[in-house]
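Take a look at the structure below.
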Amino acid sequence: MSTRLDADPDRIDAAAGRVMARCDELARVSAASDAIERVYLSPEHARVNRLAAEWMREAGMATRQDAAGNQLGRLDPVGGGRDAPALLIGSHLDTVPDAGRYDGIVGVLMALEVVRLLRVPGEEGEWHSPFAFALEVIAFSDEEGTRFGKALLGSSAVAGVWAEDWWTLTDAEGTTVREAFLDFGLDPGRLGEAARRPAELVGYLEAHIEQGPQLDRRGESLAVVSSIASARRFQLHVEGQARHAGGTPYDMRRDALLGASEAALAIERICRAEHHIIGTVGQLEAFPGAVNIVPGEARLSLDLRGEFDGERDRVWDAISRELDGIMGRRGLRWTSRQVHSAPAVFCAPLLQDVIREGIVATLPAGTQTPATLFSPAGHDGMAIGAIADVGMLFLRNPDGISHHPDEAVSTGDVALGIRALAESVLHLAAEPA
Ligand code: GLV
Ligand code: MN
Ligand code: MN
């Protein structure tokens, strides 16, 4: 089989145009009227799954929604092969609050276009994968963890890794994961059916916007991803004493908000002094939250990432010791609850190679080799890495802005990305089994 894609540029440009138009269409499916917000097991999640399923069927794929709400489409190899192992290609359709329209979404839609470019017709006009393996597009349902704090719920279910205590995680309204499953029409008792066995999978490929400025600074469109950062997320709770804002002298105050604020600054100081360790306090609330009361309680989140699990954990220990000191000096108590933990995932050398070859196929002859980047952003591959080799392709993200409505990607880069990803699949298929 040829390792070069036989598709004329107009066809790829049309595919990229379709991806951009569909990103716009999905952006309109939102819980907010003036922003994009689509969280796990919401009515918007159901609506985008229906749209994605429609597009998958239009591409000739057999579709299903799995037991965790992930949407899948599959093309079997020529000659049947319902049991043939599958190459998964995809990303996620859920979003952060006030999101951009490309994070995750563009990867799902590009996967669909790759399938359209590679598929071959069968005897009765149906479509097939031209390879010994099936092609499956997967739209994961919860990469961000926006609703329940714990990220990667959809891909964790596919990886067959689900902790019992996740069922009782709650959203801001107090709805548990279990209740949300039932409201969505999913049976928590059947969750195990979403799990895939390693033997069923050839690997997992994902295209994603970079969510950082490296490619933009280099003036390049595409990069190979070497690894995805390990992550832990915590909810921190600080307890002091709520008292009168006027009458309480400074030496009697146990101000939980000031303790939390000092903690946030200490987290920045400690993480900045490290290489490839990033700590972010993205949520901070004070209680009872009145203008004339010294805050007696504060809650803050911590998102901690690192290139290596051991380094990340060492820094968490250092942060914990620092927080003990800060809170002790201020007469406060603090506790932490870990709500998410995912190990660093190293992209498989073979999949890095085929993605590199795929990118090279899009470059003028003699151009320098494509960049290889570490991903500080999290991806579904962090969960899927437990059951399959993972390979990722990054697309330039102008100004590196993401998790923001200004998030962007160019149609030209999407076209290059589609070609590179399709070429990568051809290279992979040409590898000895
Ligand atoms: C997801 O985008 C994450 O990195 O948190
Ligand atoms: Mn994201
Ligand atoms: Mn993402």
With +1 at each Lys and Arg Cβ and -1 at each Asp and Glu Cβ, the charge dipole magnitude of the stretch 14-110 around its Cα centre, to the nearest 20 debye, comes out at 300 debye
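What length, rounded to one decimal in nm, is gained on full extension from R299 through to E431, with 0.36 nm per residue of separation minus their alpha-carbon distance?
Numbers: separation 132, 0.36 × 132 = 47.52 nm, distance 5.15 nm.
Result: 42.4 nm gained on full extension.
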Computed over the stretch 275-414, the relative contact order (Cα-Cα under 8 Å, seq sep at least six) in percent reads 18 percent
quick note, the chain, DSSP beta bridge pairs, % antiparallel (nearest 5) is 65 percent
Of every hundred units of 1.4 Å-probe accessible area on the chain, the number belonging to carbon and sulfur atoms, as a percent, is 49 percent
Projected onto the charge dipole of the stretch 323-373 (unit charges on the beta-carbon of Lys, Arg, Asp and Glu, signs +1, +1, -1, -1), the Cα from S341, T367, L351 with the largest positive-side position is that of S341
Judged on accessible area alone, 1.4 Å probe, highest first, H45, H237 line up as H237, H45
From the Cα centre of the stretch 392-406 to that of the stretch 20-79, the distance in Å is 21 Å
Of the candidates T3, A84, Q211, the farthest towards the positive dipole end of the chain (Lys/Arg Cβ +1, Asp/Glu Cβ -1, centred on the Cα centre) is Q211
SASA check, E193, accessible area w/ 1.4 Å probe, all protein chains in place, rounded to nearest 10 Å², comes out at 110 Å²
Quick calc, the chain, dipole around Cα centre from Cβ unit charges on Lys, Arg (+) and Asp, Glu (-), nearest 20 debye, gives 840 debye
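Hey, with R₀ at 56 Å, roughly what FRET efficiency would D10 and T248 work out to, going by the Cβ-Cβ distance, to 0.05?
Efficiency at R0 = 56 Å is approximately 0.20.
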The ratio Rg/Rh over the Cα atoms of the stretch 19-166, Rh being the Kirkwood inverse mean 1/r radius, stands at 1.00
The computed P(r) of the chain puts the percent of Cα pairs beyond 29 Å at 48 percent
Residues whose built amide H sits under 5 Å from the amide H of F131, excluding neighbours closer than 5 in sequence, are V78
Dividing the helical contributions, -39500 (n - 2.57) per DSSP H run of n ≥ 4, by the residues of the chain yields a 222 nm value, nearest 500 deg cm²/dmol, of -10500 deg cm²/dmol
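With every protein chain left in place, what is the accessible area per residue of the stretch 41-134 in square angstrom, probe 1.4 Å? Numbers along the way, then the final one.
Numbers: 3320 Å² over 94 residues.
I get 35 Å² per residue for the stretch 41-134.
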Once normalised by the length of the chain, the mean sequence separation of its alpha carbon contacts under 8 Å that are 6 or more apart gives a contact order in percent of 22 percent
Taking the alpha-carbon centre of each part, the distance from the stretch 114-135 to the stretch 337-352 in Å is 31 Å
The Rg/Rh figure for the stretch 280-327, Cα atoms and Kirkwood Rh, to two decimals is 1.12
With no solvent term and unit scatterers on the alpha-carbon positions of the stretch 137-222, Debye gives log₁₀ I(q)/I(0) at q = 0.18, 0.19, 0.25, 0.26 Å⁻¹ of -0.87, -0.93, -1.30, -1.37
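Per residue, how much space in cubic angstrom lies within the convex hull of the C-alpha atoms of the stretch 23-106?
Values: hull volume 7.9 nm³, N = 84.
So the per-residue hull volume is 94 Å³.
The values are calculated or read from the model by the stated rules, or taken from the named source; none is laboratory data. Being a predicted model, the structure only gives us computed values, none of them experimental. Every residue, glycine among them, receives a Cβ derived from its backbone with ideal geometry; neighbour counts consider all protein chains shown. SASA here: full protein model, heavy atoms, side chains in, ligands and nucleic acids out. Shrake-Rupley method; radii C 1.70, N 1.55, O 1.52, S 1.80 Å.
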